[in-house]
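Here's the structure, in structure tokens; my notes come after.
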Amino acid sequence: MHWQRGIGRNPPAAAVAARSSDRVERTSPGLAVFFEGVSEDRSHAVLDLGPATGSSLGVYSRFARWVRFADLLSSAATTQAWDAARDSLPGNPERPYDLVLAWDILDRLEAEEREGLVHRLSEVSAPDARLFVVVATPVERPAQLLRFAITDIDRMRYESTDVTRTLQAPLLPSEVQRLLIPFQVMRAFSSEVGLREYFAKRRATPSAAR
């Protein structure tokens, strides 16, 4: 897992190179609402479940002092390896993660793995954490993992990799809403390229509210 603390330093090189013909960049209304109202005082902690990219780190540095790239799927080809990677995902020792990005990871997991991931995210996230999730629709569901990067607060880039993981049955919007509890879906967006974006917020309990 990549851990970035010195935000001002040069970010690491991308771990996986993809063919330029497979690269797509587009505006992202889900990211726009995810970052809307977030202070740029760099007091936040980001957890990105994908691989490290320089452009994502550059955007996160506007908001966060602590950034972790977990790259869970690329390093967990089997169920046993996935369980170990998920359970070893540590919390941020300085403060709980309040900005979490899961990309299309839910599409690649079986039902129990999905529930386990959401439970683990709830353990390491702040009571008012924001969550951004990408779910593939039945229109386009590539077997190859997609590598996502943020190029601005309202733009994303993604490209195919050489890593494959079996896709599960498509997740319906109602299933995503139930699955993400204790995160509550606030907004959802569908795109013409076969991706559905969800912006959710952690439900703060009275005892956990800050």
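Every read-out reported here was derived from the displayed coordinates using simple, explicitly stated rules and does not represent laboratory data. The model shown is predicted, which means the values in this text are computed figures rather than measured ones. Cβ: placed from backbone, ideal geometry, glycine included. Neighbour counts: every protein chain shown.
Worth pointing out:
- Among residues other than Pro173 with Cβ under 12 Å from its Cβ, the summed charge is +1 (Lys and Arg +1, Asp and Glu -1).
- In Hz, Karplus ³J(HN,Hα) per residue of the stretch 96-101 (6.51, -1.76, 1.60; θ = phi - 60°; x = Gly, Pro): x, 5, 10, 10, 10, 10
- Under 5 Å from the amide H of Thr161 lie the amide H atoms of Leu145, Arg147, each residue being 5 or more positions distant or on a separate chain, with H modelled from the backbone and absent for Pro and chain starts.
- Residues whose amide H lies under 5 Å from that of Thr151, counting only those 5 or more places away or on a different chain, are Met156, Arg157; hydrogens are built 1.01 Å from N in the peptide plane.
- Euclidean distance of C-alpha centroids, the stretch 143-177 and the stretch 85-111, integer Å: 15
- Paramagnetic reach from Ser190 (point 7 Å along Cα→Cβ, amide N under 19 Å) across the stretch 102-140: 104, 107, 133-140
- In plain terms, the chain from Glu40 to Thr27 could stretch by 2.6 nm, reckoned as 0.36 nm per residue minus the Cα-Cα distance.
- Simple label model, 7 Å out from Cα along Cβ direction - Asp162 to Arg62, nm: 3.4
- Lys201 sits among other residues whose Cβ lies under 13 Å from its own Cβ, and their net charge, with Lys and Arg +1 and Asp and Glu -1, is +1.
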